[in-house]
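Worksheet: the structure to be examined is printed underneath.
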Amino acid sequence: MAAEVNTASAGAPVDGAKGPPALHVAIVMDGNGRWAKSRGLPRTLGHRAGVEALKRTVSAAPKLGIGRLTVFGFSTENWSRPATEVAELMALPKRYFETDIARLEREGVRVRVIGRREGLSAELVKIIEGAQARTAHNTVFNLDIAFNYGGQADIVEAARRFAKAVAAGEARPEDLNEVVFASHLATAGSPPPDVIIRPSGEQRLSNFLLWEAAYAEFVFQDVLWPDYGAEHLQAALAAYAARDRRYGAVVADDVLAAG
Ligand code: FPP
């Protein structure tokens, strides 16, 4: 099946758009450190500039036919960075929600922060829960921020949750299938991403959405995340639109050719 992008709806709200369904785009927001270094700035300022790029991207996305954005804000492996940088990264959700939560609420964005709460300060957990509660009724656009998230850890956690249900007599091993397993992941309730974008020139998944990426299309771009904007998102969608999504099947012409 050819990848569909609702470009005809550019400028129109996703919920009122006709045509292909709204896309789920996931982004590894990479390159903050290099952006800062190239300007002789501390890495922390690169992360702050990264928050501004996130704001631009969230604003642009609904106008490009995107209905859901999942972004990687902090990985379970990022704890190994220097303490000052970890402290700055921990301050980013506060910085983002303080300046933008009213706009997100007004524009119909539902915010969800996926990932472990263990390790986060009580203050940060409160800020996250507050942002989620304040936007829980919104339906125009979904923003999932993966924070203290790791794909492998999440898969282990899902397996553990199901094993506990079996041990408690609430489920049987034979009940487990892909759909049931996915319902135990942190991303439960979200369709899998159609496209995963990684800017900054790196070409790897870095433990992001391992299960969910099964049939995602990958787009790698040579721009550092703090420079990211609507034009880069549009270019990524154009690359996605040229892809042929087959989900392990064959296209109709090839079925005929195979006799
Ligand atoms: C990777 O770049 C980026 C991060 C570890 C942090 C990403 C976070 C943001 C862009 C802001 C997120 C906002 C919220 C609300 C959580 P890097 O530091 O590894 O860059 P480098 O590869 O150039 O060193």
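The values are calculated or read from the model by the stated rules, or taken from the named source; none is laboratory data. None of these values were measured; they are calculated from a predicted model. As a convention, Cβ positions derive from the backbone with ideal geometry for all residues, glycine included, and neighbour counts pool all protein chains shown. Surface accessibility is based on the protein's heavy atoms, side chains included, excluding ligands, DNA and RNA. Shrake-Rupley method; radii C 1.70, N 1.55, O 1.52, S 1.80 Å.
For segment 174-206, filtered to residues that are in contact with a Lys or Arg (Cβ under 8 Å, 6 or more places away or on another chain) and without any contact (Cβ under 8 Å) to a residue 60 or more places away in the chain, the residue that is least open to solvent (accessible area, probe 1.4 Å) is 184.
Step by step: first the residues of segment 45-72, then only those that are open to solvent by less than 30 Å² (accessible area, probe 1.4 Å) and within 13 Å of residue 226 (Cα to Cα), then the one that is nearest to the ligand (Cβ to nearest atom). Which residue is that? Looking at the filtered set, the residue picked out is 50. Within segment 120-173, if we keep just the residues that are open to solvent by less than 50 Å² (accessible area, probe 1.4 Å), in contact with a Gly (Cβ under 8 Å, 6 or more places away or on another chain) and of a type in the set (Val, Ile, Thr), the residue that is nearest to residue 70 (Cα to Cα) turns out to be 145.
For segment 83-98, residues that are within 11 Å of the ligand (Cβ to nearest atom) and either open to solvent by less than 80 Å² (accessible area, probe 1.4 Å) or in contact with a strand residue (DSSP E or B) (Cβ under 6 Å, 6 or more places away or on another chain) (or both) total 11. Taking each residue of segment 153-172 that is at pLDDT 95 or above and looking for partners that are open to solvent by 50 Å² or more (accessible area, probe 1.4 Å) with beta-carbon atoms closer than 7 Å, six or more apart or interchain, yields 155/210; 155/211; 162/176; 166/172; 166/173.
The C-beta contact set for segment 26-44 (first residue touching a residue at least 12 places away in the same chain (Cβ under 8 Å) and near the ligand (Cβ under 9 Å from one of its atoms), second residue assigned to a helix (DSSP H, G or I) and of a type in the set (A, V, I, L, M), distance under 8 angstrom, 6+ apart or interchain) comprises 29/53; 29/54; 32/49; 35/49; 36/45; 36/49; 43/36. Looking across segment 209-246 at every residue that is more than 16 Å from the ligand (Cβ to nearest atom), open to solvent by less than 50 Å² (accessible area, probe 1.4 Å) and not in a helix (DSSP H, G or I), the one that is modelled with the lowest pLDDT is identified as 245.
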